[in-house]
Amino acid sequence: MTTANAGRVSLAVSGTGGEATLSQITISPESFSFPGTFVGSTSITAAVITVTSTATVAIELTAMTSWNPGEFPMTTTCTVPGFLVPGGSCTVAVQFRPGVSGNRSAQMVIATTSAGTVTVSVLGFGI
């Protein structure tokens with residue numbers, strides 16, 4: 001500790017923080033394309049997305065949403081809201097149920113308080 005003029009005190013502080021950053025979450029795969037699926041039916045394939053924490057502190061998961069939940073519904077093993085422990089992982093399963101023919105898409109959004117927001121792109125073709 002050093003003392004400066006006028007009664008001010010300067011204190012040097014060092015150490016490592018406990019805050020997670022966006023790079024401390026990995027998503028695999030980052031995008032997924034479904035095979036052609038008949039309108040009104042559910043794809044035979046599901047996209048299984050793994051969310052993994054590479055942080056040294058727990059990451060608070062605040063929300064998981066689909067921009068198009070009617071055509072790309074999802075289920076998850078993640079606790080939301082909840083915490084993903086260091087080295088922990090959970091999965092998000094997405095299905096494709098086209099409501100109309102043609103190209104369809106959505107973003108799956110995973111929000112945290114300390115590691116930002118990550119997205120997964122999903123695409124499908126309604127027949």
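The values are calculated or read from the model by the stated rules, or taken from the named source; none is laboratory data. Just so it is clear, the model here is predicted, and its values are computed rather than measured. Every residue, glycine among them, receives a Cβ derived from its backbone with ideal geometry; neighbour counts consider all protein chains shown.
Would a scan of segment 88-98 turn up a residue that is outside any strand (DSSP E or B) and under 19 Å from LEU61 (Cβ atoms)?
yes
Yes or no, residue by residue, for (1) over 23 Å from GLY36 (Cα atoms); (2) touching a Ser or Thr at 6+ places or on another chain (Cβ under 8 Å):
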{"position": "PHE72", "(1), (2)": "no, yes"}
{"position": "LEU84", "(1), (2)": "yes, yes"}
{"position": "GLY87", "(1), (2)": "yes, yes"}
{"position": "SER105", "(1), (2)": "no, yes"}
{"position": "ALA115", "(1), (2)": "yes, yes"}
{"position": "THR119", "(1), (2)": "no, no"}
{"position": "GLY124", "(1), (2)": "no, yes"}
{"position": "ILE127", "(1), (2)": "no, yes"}
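Here is a yes/no grid of residues against (1) surrounded by 15 or more Cβ atoms within 10 Å (Cβ to Cβ); (2) modelled with pLDDT under 95:
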site: SER10; (1), (2): no, yes
site: VAL13; (1), (2): no, yes
site: THR21; (1), (2): no, yes
site: ILE25; (1), (2): yes, yes
site: PRO29; (1), (2): no, yes
site: GLY70; (1), (2): no, no
site: THR77; (1), (2): no, no
site: VAL94; (1), (2): yes, no
site: ASN103; (1), (2): no, no
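I want to confirm something. Restricting to segment 32-53 and keeping residues that are touching a Ser or Thr at 6+ places or on another chain (Cβ under 7 Å) and either surrounded by fewer than 14 Cβ atoms within 10 Å (Cβ to Cβ) or aliphatic (A, V, I, L, M) (or both), which single residue is modelled with the highest pLDDT?
Residue satisfying both the conditions and the ranking: VAL39.
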